[in-house]
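The values are calculated or read from the model by the stated rules, or taken from the named source; none is laboratory data. Just so it is clear, the structure is predicted and the values come from calculations on it, not from any experiment. For neighbour counting, all protein chains shown are included, and Cβ atoms are generated from backbone atoms with ideal geometry for every residue, glycine included. Side chains included, ligands, DNA and RNA excluded: accessible areas come from the protein's heavy atoms. Shrake-Rupley method; radii C 1.70, N 1.55, O 1.52, S 1.80 Å.
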Amino acid sequence: MIENYFKIAWRNIIRRRGYSVINIAGLSVGIAACLLIFVVIKYELSFDTFQPGYKNIYHLVTRINQSDDVTYNPGVVAPASEALRLDFPQAKVAALEANYGSQLSVPANNSNAGSDKKFTENLGVVFIEPQFFDIFKWTWLDGQPSVLNEPDMVVLDKSTATKYFGDWKNAMGKILKMDNLLTLKVAGIVDDAPNNSDFPLKIMVSYISWKEHPRDYNYVYNWHATNSAHEVYLQLPANTSISKMDVQLKSFSVKHFDNQNAIIRTLFLQPLAALHFDTRFSNTLGDHLTSMATLRTLSFIGLLIIIMAAINFINLSTAQSVGRSKEVGIRKVLGSNRSQLIIQVIGETTIIVGGAVILAVIIAKAALPYLINIANVPQDIGIFNLGCLLFLIGIAISVILLSGLYPALIISGFKPVLALKNKITAASVGGIPLRRTLVVAQFAISQLLIIGTIVAVNQMDYVNKADLGFNKDAILIIPGYTDSISLQKMNGFKQQLLQNSQVKAVSFISDPPSSENGWGTNFNFNNSIKDRDFTAFLKLADADYFKTFGLKFVAGKSYDVSDTMRQAVVNETMMHKLGVIHPQDMIGKTIRIGGLSWSTITGVVADFKTTSLREAIRPIIIFPRKTYEAEAAIKIQTHDLKGTVAAIQKLWEGTYPEYAYNAYFLDDTIAKFYQQENQLALVYKIFAGIAIFISCLGLYGLVSFMAVQRTKEVGIRKVLGASVSSIVYLFSKEFAILILISFVIAVPVAWYIMASWLRNFVYRIHLSPWVFISAIIISIVIAWLTVGYKAIKAALANPVKSLRSE
Amino acid sequence: MLSLQHISKYYQNGGNKNFVINDISLDIDEGEFVSIMGPSGSGKSTLLNIIGMLDEPTDGYHYFVNEAVHQLKDKQRSALYKKYIGFVFQAYHLIDELTVYENIETPLIYQDFKGAERKAMVADMLDRFQIVGKKDLFPAQLSGGQQQLVGIARALIAKPKLLLADEPTGNLNSKQGEEIMELFRKLNKEDGVTIIQVTHSEKNAEYGSRIINLLDGRIESSKKF
């Protein structure tokens, strides 16, 4: 009996080729899209879950609560780890200090190469306590954690050891130089951290080495300086209450911080399970965090897509069921009961869905290499695993039930006598209101995604073209070093650069005007000894900073050339926050940060965007201090960019032979601020495209069906004198109304979602009515292109032919 | 074999009742060959559908092989007609997607016959109707007469006691029609199948052993030969 059903199902599919193609195409694209979304979400949710102590590991973090805002810092003060060990003996505690852009060099006598091999590591270089490995499980290929008790010891991961020494097995005992400051001995090799780890540690230097080089690596042992790179992890006994623990940490904070800091700073626990999704904190170790909102948006989009595909299915099958009424009638007369018919229809659905799933896997497999453009997944992520298989089975079963059950109930419910007399029509199936509702739902979803796309693309366009208040074009940044030898070479290097006619300006800086570095501090103003109640953010640079970046002064001028802080420049936001109205009034006032001496303000610069456009402009103090001005910012002429950059590289490598050259253009890094948003905009574009594709398939199927159903009506109308255009109008009118209804539904939802997305940005576009108007125009045009062909064809048909068949 | 007592079927239309069948009582014995005649709209097909349990009367009592059909549940009723009744239609009503062989086999599937048994029964039937050569063709590839032959073969495959035929020759030319009627007569005489047919044709009606004339839902006349 089953075999018979499948035979009929197969013949039905072949006979109604057009519908089957539409069904399978729409469904497989939808399932493929969902599968890819599933792969991304599964990957993101798997972060750190492989750690056996996953549920009991916590990250100690700092909340800084100032008068006007709350900020979160992933780091804690250096003495915190020792104090924790004393005050919370039940906890395992480990600290680490992260380093960025460290240079590692393998001395020549280590290898066969002629000179030192130099590597720059942006991530994964840490000073780390051996206790870290009591908390986190790592696979040790050679050596053991205790080697990190000794100073100047380093543990490498397998791929880094292979990169440096050819084979990780040769690495043990070899010498490695870090930033030309530390000479380290390789004392252990660990296996690489998995892709889904927020701790992709590559070079682990003993923590004690950090303490022994306080100036070079900014080691400050006091309770004032919260260093975002200094992280502390804890493992607590399994049954610890976290709320109680946070209360205890509050009193711990009060006990150890001095008066003023105790009021504004609190230490609390961030569970490891939340770490990957907590975007309040910047990510200091891994390459990305993912907000739960992004994952929710993705799942929501996936759900919408699969619903749309299922809707197509229901629409087309109920429409087709009219044509099948005769078969159903005969079967009933021949003795089939209702459940047998239901099984038959479900069987057909199963074949189609099965075909769609197979096709979807092929599509997904083909699209997989492009997935890295819209998500932070590793290159080698796969879809042939148990999770994906279960997901596909789940999707298949829900689509079969969702889209097969309703048509099955309709079809099996036909009265045999009516069915045999061909008295079953689209109207008597009762499906028309339902089908209209479903088309409205589909169009509402497409319009939602179209509006999302327009808003996201406009916002990203706005962000990319926004006036940052300074000139970011053609500025080459070369990260450098501030050891005493490098510092001595600075001025000579600058003079040599300026001799190149293509170089317009050079400045040594701590960071560019817009950057994600936020070095904040308490400060005093106008000779008052009381700290101001907000944080000032610092940028350190020589006096050519303003010229190099084209910053404009609203009052005063740059400070004089100096190696230390004697004079300073502030921005307008700083001035406003200090309650000063006229920029001129700032000139000559004094300002003091940390324990330094008082400096005179020589100028106020017009506001520029200090971070990404997600955040408001920060109050800034700019001043010179040579030992922090590690980066060279070089403004160059745009013609012959390549030649100029090559000349600069040659000069740099000649000046600093002991360091690796890692220059980049400023506008590239600014673009990277918005990686997540740009990805999201791309996701919207892709999925809006898919949604439109699926709904157009559905629409095309429906209108084809309508054209067949109304052949007779059109014939009669034409005989009675209807024009072609009036008949096209007849077909288009209904869809236009449905699109309008769906528009009314989509607008508030889209408005709500996109307005909340835009709230991520302090600087954002307005949701103008035009966004919505263009969405409906796009929908109508696309729908009409789909409907139009069939409508015109139906209208042009010869009425004699269509009426003769009756 | 079957007995209808005071059967009526009507549609409520405002305060009026529109009668399709108006208080018909009728007994048919096993082995009879009954022709139902009457003008369009006189209720012939409805009466046949009620007898075949495809349609339900609004009022009245309906007995079939000693079962009170009007008291049966849907499932029992369908089990009953599956076992005893075969249908032949004016428009043949073959399933277009199935071959001749599969069309004939379908009722057996619904009556849970085993595969080997079905094969033998269908082969037997193909043989008897001399359509073995056509078993792999689809209905669209056959002439009207051949399609109706397949329709009758399908109606007879499960060895029904009662064959209901709704204008079986309506779509056929007179020669094909005659052949079908001869076949019916043979089935009735030799195999003892009770036959009830609806027909417009006097000539075809005379193949039967009784003619019932309907008018406006009532039996106008009934004569036995």
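Tabulated data for the structure shown
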| read-out | value |
| --- | --- |
| In segment B:49-60, the residues that are out of contact with any His (no Cβ under 9 Å at 6 or more places or on another chain) and more than 9 Å from every other protein chain (Cβ to nearest Cβ) | B:Thr58 |
| Within segment B:142-164, considering residues that are within 21 Å of B:Ile109 (Cβ to Cβ) and free of Cβ contacts under 8 Å to residues at least 40 places away in the same chain, the one farthest from the other protein chains (Cβ to nearest Cβ) | B:Leu149 |
| Test: A:Arg63 is within 21 Å of A:Gln235 (Cα to Cα), open to solvent by 30 Å² or more (accessible area, probe 1.4 Å) and either basic (Lys, Arg) or assigned to a loop (DSSP other than H, G, I, E, B) (or both) | yes |
| Residue in segment B:12-28 that is at pLDDT 90 or above, open to solvent by less than 70 Å² (accessible area, probe 1.4 Å), touching a Pro at 6+ places or on another chain (Cβ under 7 Å) and within 14 Å of chain A (Cβ to nearest Cβ) present | yes |
| Unique match (being open to solvent by 60 Å² or more (accessible area, probe 1.4 Å) and without any contact (Cβ under 8 Å) to a residue 60 or more places away in the chain) among A:Val708, A:Val719 | A:Val708 |
| Subset of segment B:33-48 that is open to solvent by less than 20 Å² (accessible area, probe 1.4 Å) and not small (Gly, Ala, Ser) - its residue that is nearest to the other protein chains (Cβ to nearest Cβ) | B:Leu48 |
| B:Ile180 vs. criteria buried (at least 19 other Cβ atoms within 10 Å of the Cβ), touching a residue at least 40 places away in the same chain (Cβ under 8 Å) and either basic (Lys, Arg) or not in a loop (DSSP other than H, G, I, E, B) (or both) | no |
| Selected residue (only one of A:Thr564, A:Thr600 is in a loop (DSSP other than H, G, I, E, B), among the β-branched types (Val, Ile, Thr) and open to solvent by 30 Å² or more (accessible area, probe 1.4 Å)) | A:Thr564 |
| Residue in segment A:279-287 that is loosely packed, with under 14 Cβ neighbours inside 10 Å and in contact (Cβ under 8 Å) with a residue 24 or more places away in the chain present | yes |
| Residue check, B:Ile95 facing chain A (nearest Cβ under 9 Å) and either over 27 Å from B:Ser3 (Cβ atoms) or touching a strand residue (DSSP E or B) at 6+ places or on another chain (Cβ under 9 Å) (or both) | yes |
| Leading residue by the ranking (nearest to A:Arg618 (Cα to Cα)) among those in segment A:557-602 that are touching a strand residue (DSSP E or B) at 6+ places or on another chain (Cβ under 8 Å) and small (Gly, Ala, Ser) | A:Ala568 |
| Candidates A:Leu540, A:Leu551, filtered to the one that is touching a Phe, Trp or Tyr at 6+ places or on another chain (Cβ under 8 Å), of a type in the set (A, V, I, L, M), under 17 Å from A:Pro619 (Cα atoms) and assigned to a loop (DSSP other than H, G, I, E, B) | A:Leu551 |
| Sole exception among (1) under 30 Å from A:Ile727 (Cα atoms); (2) aromatic (Phe, Trp, Tyr); (3) within 28 Å of the chain's Cα centre (by Cα) for A:Phe673, by number | (1) |
| Every residue from segment A:301-344 that is of a type in the set (A, V, I, L, M, F, W, C), open to solvent by less than 20 Å² (accessible area, probe 1.4 Å) and within 14 Å of chain B (Cβ to nearest Cβ) | A:Val328, A:Ile330, A:Val333, A:Leu341 |
| Residue satisfying all of: in segment A:24-57; touching a Ser or Thr at 6+ places or on another chain (Cβ under 8 Å) and not in a loop (DSSP other than H, G, I, E, B); surrounded by the most Cβ atoms within 10 Å (Cβ to Cβ) among these | A:Ile37 |
| Residue count, segment A:768-787 (criterion: open to solvent by less than 30 Å² (accessible area, probe 1.4 Å) and either among the charged types (D, E, K, R) or not in a helix (DSSP H, G or I) (or both)) | 0 |
| Sole exception among (1) more than 14 Å from chain B (Cβ to nearest Cβ); (2) more than 30 Å from A:Ala681 (Cα to Cα) for A:Ile362, by number | (2) |
| Given (1) open to solvent by 20 Å² or more (accessible area, probe 1.4 Å); (2) touching a Cys at 6+ places or on another chain (Cβ under 8 Å), number of the condition A:Val762 does not satisfy | (2) |
| Residue match in segment B:99-107 (condition: away from every other protein chain (no Cβ under 11 Å) and either buried (at least 18 other Cβ atoms within 10 Å of the Cβ) or modelled with pLDDT under 90 (or both)) | yes |
| Within segment B:79-89, tally of residues that are within 10 Å of chain A (Cβ to nearest Cβ) and open to solvent by 30 Å² or more (accessible area, probe 1.4 Å) | 3 |
| Set A:Ile381, A:Ile374: member being away from chain B (no Cβ under 14 Å), under 19 Å from the mean Cα position of the chain (by Cα), surrounded by fewer than 20 Cβ atoms within 10 Å (Cβ to Cβ) and in contact (Cβ under 8 Å) with a residue 24 or more places away in the chain | A:Ile381 |
| Boolean, B:Leu4 is touching a Leu at 6+ places or on another chain (Cβ under 6 Å) and surrounded by fewer than 19 Cβ atoms within 10 Å (Cβ to Cβ) | no |
| Filtered residue count, segment A:401-420, keeping only those that are away from chain B (no Cβ under 14 Å) and either surrounded by fewer than 17 Cβ atoms within 10 Å (Cβ to Cβ) or among the hydroxyl-bearing types (Ser, Thr, Tyr) (or both) | 5 |
| Pick from segment B:108-141, criterion aromatic (Phe, Trp, Tyr) and open to solvent by less than 30 Å² (accessible area, probe 1.4 Å), ranking: nearest to the other protein chains (Cβ to nearest Cβ) | B:Tyr110 |
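Residue-by-condition table, conditions (1) in contact with an Asp or Glu (Cβ under 8 Å, 6 or more places away or on another chain); (2) over 29 Å from A:Ser486 (Cα atoms):
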position	(1), (2)
A:Val604	yes, yes
A:Thr611	yes, no
A:Phe623	no, no
A:Ile634	no, no
